[in-house]
Amino acid sequence: MENDFIQRRGFAEYANWHLGIDDEKSENTKSRYKFPYGDFKNVHRCGVLSAESRAGQYKYFDIERAAAALHGLIDGVKHPAV
């Protein structure tokens, strides 16, 4: 699935589905992109929650905050304030 997506859309768009980049990894490699949050079509709440949890666990606080913001947006859309 990932390889097909990269062939059709390229690494720039593949990167958009990840919250982090590992600068120590070579450009245009899948291992460079970290913390995926969807399936290249839809954002998945479970993917965002997983990214938020793992980022906090490994002390990537900027990524944890970004995932928390996405989490809030998802929950806000699902449960609008009254």
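The values are calculated or read from the model by the stated rules, or taken from the named source; none is laboratory data. Note that the coordinates shown come from a computational prediction; the quantities given were computed from them, not determined experimentally. Don't worry about glycine lacking a Cβ; one is built from the backbone with ideal geometry, like all the others, and counts go over all protein chains shown. Only protein heavy atoms, including side chains, enter the accessible area calculation; ligands, DNA and RNA are left aside. Shrake-Rupley method; radii C 1.70, N 1.55, O 1.52, S 1.80 Å.
Here are a few things to note about the model shown:
- Selection of segment 54-78 for residues being charged (D, E, K, R) and open to solvent by less than 100 Å² (accessible area, probe 1.4 Å) yields Arg54, Asp62, Glu64, Asp75.
- Among the residues of segment 1-28, the ones that are of a type in the set (S, T, N, Q) and under 16 Å from the mean Cα position of the chain (by Cα) come to 1 in all.
- In segment 29-45, the qualifying residues are those that are under 23 Å from Asp4 (Cα atoms) and assigned to a helix (DSSP H, G or I), and the one that is most open to solvent (accessible area, probe 1.4 Å) is Lys30.
- Answer residue from segment 15-28, given it is open to solvent by less than 70 Å² (accessible area, probe 1.4 Å) and free of Cβ contacts under 8 Å to residues at least 24 places away in the same chain and is nearest to Ala67 (Cα to Cα) among those: His18
- Any pair with Cβ under 7 angstrom, 6 or more apart, that starts in segment 36-57 at a residue that is farther than 18 Å from Ala12 by Cβ and ends at one that is of a type in the set (D, E, K, R) and open to solvent by 40 Å² or more (accessible area, probe 1.4 Å): Glu52/Glu64; Ala55/Glu64; Gly56/Glu64
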